[in-house]
RNA sequence: GCCUCUGUGGUGGAAUUGGUAGACACGCAGGACUUAAAAUCCUGUGACCUCAACAGUCGUGCGGGUUCAAGUCCCGCCGGAGGUACCA
């Protein structure tokens, strides 16, 4: 029987499924290991070769850890709520549940073919009512919680109500809306139900609040900050506006500091941590009040550079600032109204596109400088953002680039208050130098001056030292159909969450997936909503990231109907040991899942406060697009080598009809009708195409599916080849140039002891060279896996099999450990050969082989020990020596080494005692 | 602009703490088997000098530095990828 991957792979995939080989044990004496992949959104396009990259890596780890004696949890599921299915439903009328189901089946089929060791009994689907029941349940817990800054954790809202009844809100130190009013216990008691609800709403961790949101008219929904890129929606690229709306939001800002601190406790890539740090955007500074001239009002600003207070020559407020109307003088009224209208109509995209273009208008009003008493003009400018800090800045053109641009443009004075280069032409922003022209701050270094300034500001009651975060609360409502219904109803205009025992609130049927005529979301069309006719109900649904913010917990107890996951099981499985997924989720999913985990931890539902100990971002696999060249104005296509002779247009063609840049012309004619009558100009009888590296996408016809590779070379080859392509974390274009090497390797492995028609295995004891090859390989593979260097392990397998082939080694004592080593990478062939060697049990749980310590084998050394800063041993020579003799040689080597005359060696390596016992 | 990563043969990429650079694979060239092809196997393959071998010289983006020794560490440039931005 020659190596027939098709039969073998089918056989073992069936066996694994029937025997539930990879079902994780919920109570085991073995140590646990949890390997998780980011679950996919089941799109209509199916998997391409880029998707399995991370899954293969995690599967190798899962299988490796099983060999190492761990109880491994390695689940998979689907993030099955989302926009594309709904857009498709709008176009075709097909229910999203139906297309989602179809897509999931297709994904499952593709995943099964690759031979992953998932525990499918634990599959989750975020769109399944038995799953989103608990997503809704967590929403309710968040609603019923507030963040206590004194205990520094989330607590039940009852503790807040108790405090209100006792002391009002005077002692409460919680993140809440800026304009929360102070009240006493008796005032609280006198509040109406509505007033109480409104007040509590300002503290709840999920709340209904008015906020500027990213409104996308084309999608008819709001989007979170991380769903907007460059002023357009991430999905679909539609323009986004800012709009003030009443929305359900998550008070993630309460966790800003803990999300920041937690980063130091987890093993994630530095770049990803940096992204999150930047997104959270902590900045320390001070608030500062300016008295408005001839008015009772104070204008409050936030600054990180209070040391430059004497350099303030104007103050700028955002066009949306609440004071704009009230402070503008009648002479300036027309100009200001005109400017503010224009600024508001400017889309976010325009506003972000040309940041260097300066615009603004003088309000006619002034503030009084708190230290000099001078008159300072107030301007309106759209470079000041309404949503950050106080929406007003003190402008120091000498030491802030943006203020400088503004001052230059409008001819406002530029003052220098920090020693350094002249600031008339260019601002000096560095936080270095000594204060000048600054009264009590003169001569002080910037860092000292900042502290001194804050002290003085606080002493005079002008403001307070303050930490600001860039992070905003996350808008949680979406005006869409295909998402988790928010379990809220309204009684007399007061929002109530549903009782927990009535969950899930099932997504109701609608007649159309479009908004209603009066602009209400699709859920307003619900025919059979739970409380229809009894109460008003919430029409928005949860965003895409809701279901994925806690799914790692559900896998621990996926079929539990009475709780989101049994506490005993979450205590056992703790959190994810290894999480693999794309870096595009850095500021979305990976921030939200940390937030929910910390919340559930605070409320005592779980006992860990980070979802994943270690996280690896697999690189993207780009596509290699192919194109042919049509001569302009004709129906003629020319080969790539001839295209420069003509004016031509490149046309993308399907990569699957191209082999090694040779286009199959017959297939091309069939592929697109309009090529049927095309004239082709070939070179050397071939039509050569051009190539380009682009994102793998239907649009460029460069999608390669794992199925086609499995069909042609087998799943084991696909797995090995994807690893062989390069380091896991690096992005790289897909090409099949080297795949024959990997495929050839598996054939060689097969032939190692399948010779001339039968399996022949020798029971003889291995020779020294055979053992040397084996142990070297065990050592290298172990180290490769431990440091996630899967590409080099493939090379090391090849070296090993080549060497054993040269030695004509077919000895059981060598082949068995080798099969265990290879089994995580190429499980099907390993299982088959394992069975051929007479084993009845799956190889999956065979112990991983241990290696004898091999300390640098150097074949071409003719001295037992050499010293070149490090020790090098010729083991064959050294093995015959006693420890004493070796130590003597080491001393000699150190003393006689030519580089060490008169110097101490930098490093002394202790000779391992084990060395004399080495076999080889 | 800022942050993170990265730069090694014709190509993908090895080189774990500084210690024989280019493992392994692809490609290419030559050979064996074959009527032929496929498959398989063998040999060679960084550059320069040389008929060739031996030997030698140069070589990890560029310029410096530390070190007995630098792809690896330090300083300064240049290029590429990704992320991010009027955040005061």
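The values are calculated or read from the model by the stated rules, or taken from the named source; none is laboratory data. Keep in mind it's a predicted model, so treat the numbers as computed, not measured. Here Cβ is always computed from backbone atoms with ideal geometry, including for glycine, and neighbour counts include all displayed protein chains.
Scanning the range A:160-169 for residues that are in contact (Cβ under 8 Å) with a residue 12 or more places away in the chain and surrounded by 13 or more Cβ atoms within 10 Å (Cβ to Cβ) yields A:160, A:161, A:164, A:167, A:168, A:169.
Out of curiosity, is residue A:421 touching a strand residue (DSSP E or B) at 6+ places or on another chain (Cβ under 7 Å) and away from RNA strand B (no atom under 12 Å from the Cβ)? It is false that residue A:421 is touching a strand residue (DSSP E or B) at 6+ places or on another chain (Cβ under 7 Å) and away from RNA strand B (no atom under 12 Å from the Cβ). Restricting attention to the range A:281-294, the residues being more than 10 Å from RNA strand B (Cβ to nearest atom) and either at pLDDT 90 or above or in contact with a strand residue (DSSP E or B) (Cβ under 8 Å, 6 or more places away or on another chain) (or both) number 6. Filtered by the rule that a residue be within 7 Å of RNA strand B (Cβ to nearest atom) and on the phi > 0 side of the Ramachandran plot, the range A:364-405 gives A:389, A:391. Go through the range A:795-808 and give me each residue that's under 37 Å from the mean Cα position of the chain (by Cα) and near RNA strand B (Cβ under 7 Å from one of its atoms). Of everything in the range A:795-808, those that are under 37 Å from the mean Cα position of the chain (by Cα) and near RNA strand B (Cβ under 7 Å from one of its atoms) turn out to be A:795, A:798, A:799.
Quick check on my filter: what residues within the range A:8-23 are in a loop (DSSP other than H, G, I, E, B) and surrounded by fewer than 22 Cβ atoms within 10 Å (Cβ to Cβ)?
Hits for the range A:8-23 are A:20, A:21, A:23.
Do we have residue A:815 as within 34 Å of the chain's Cα centre (by Cα) and assigned to a helix (DSSP H, G or I) here? For residue A:815, the condition - within 34 Å of the chain's Cα centre (by Cα) and assigned to a helix (DSSP H, G or I) - is not met. State whether one or more residues within the range A:650-663 are at pLDDT 75 or above, exposed (fewer than 15 other Cβ atoms within 10 Å of the Cβ) and within 26 Å of residue A:46 (Cβ to Cβ). No, there is no match, as no residue in the range A:650-663 is at pLDDT 75 or above, exposed (fewer than 15 other Cβ atoms within 10 Å of the Cβ) and within 26 Å of residue A:46 (Cβ to Cβ).
With respect to the stated conditions, residue A:605 is surrounded by 15 or more Cβ atoms within 10 Å (Cβ to Cβ), outside any strand (DSSP E or B) and at pLDDT 80 or above.
Looking at the range A:746-758, can you tell me whether even one residue there is assigned to a strand (DSSP E or B), surrounded by 15 or more Cβ atoms within 10 Å (Cβ to Cβ) and within 16 Å of RNA strand B (Cβ to nearest atom)? Yes, some residue in the range A:746-758 is assigned to a strand (DSSP E or B), surrounded by 15 or more Cβ atoms within 10 Å (Cβ to Cβ) and within 16 Å of RNA strand B (Cβ to nearest atom).
Is it the case, given these coordinates, that residue A:416 is buried (at least 18 other Cβ atoms within 10 Å of the Cβ), under 29 Å from residue A:444 (Cα atoms) and away from RNA strand B (no atom under 16 Å from the Cβ)?
Details: buried (at least 18 other Cβ atoms within 10 Å of the Cβ): yes; under 29 Å from residue A:444 (Cα atoms): yes; away from RNA strand B (no atom under 16 Å from the Cβ): yes.
Here the answer is yes, as residue A:416 does meet what is asked.
Do you know which residues across the range A:297-341 are outside any loop (DSSP other than H, G, I, E, B), more than 42 Å from the chain's Cα centre (by Cα) and free of Cβ contacts under 8 Å to residues at least 60 places away in the same chain? Matches in the range A:297-341: A:298, A:325, A:326, A:327, A:333, A:334, A:335, A:336, A:337, A:338.
Considering the range A:179-296, the qualifying helices (runs of 4 or more DSSP H), each wholly inside and each with 3 or more residues that are closer than 28 Å to residue A:578 by Cα, run over A:256-262, A:270-280. Just one of (1) closer than 23 Å to residue A:577 by Cα; (2) in a helix (DSSP H, G or I); (3) away from RNA strand B (no atom under 14 Å from the Cβ) fails for residue A:824. It is (2).
Scanning the range A:398-417 for residues that are assigned to a loop (DSSP other than H, G, I, E, B), touching a strand residue (DSSP E or B) at 6+ places or on another chain (Cβ under 8 Å) and over 15 Å from residue A:363 (Cα atoms) yields A:398, A:399, A:417.
Just to be sure before I move on: is residue A:508 out of contact with any strand residue (DSSP E or B) (no Cβ under 6 Å at 6 or more places or on another chain), farther than 22 Å from residue A:214 by Cβ and surrounded by 13 or more Cβ atoms within 10 Å (Cβ to Cβ) in the structure I sent? The answer is yes for residue A:508.
Of the residues making up the range A:700-745, those that are within 7 Å of RNA strand B (Cβ to nearest atom) and in a loop (DSSP other than H, G, I, E, B) are A:725, A:726, A:727, A:730, A:731, A:737, A:738.
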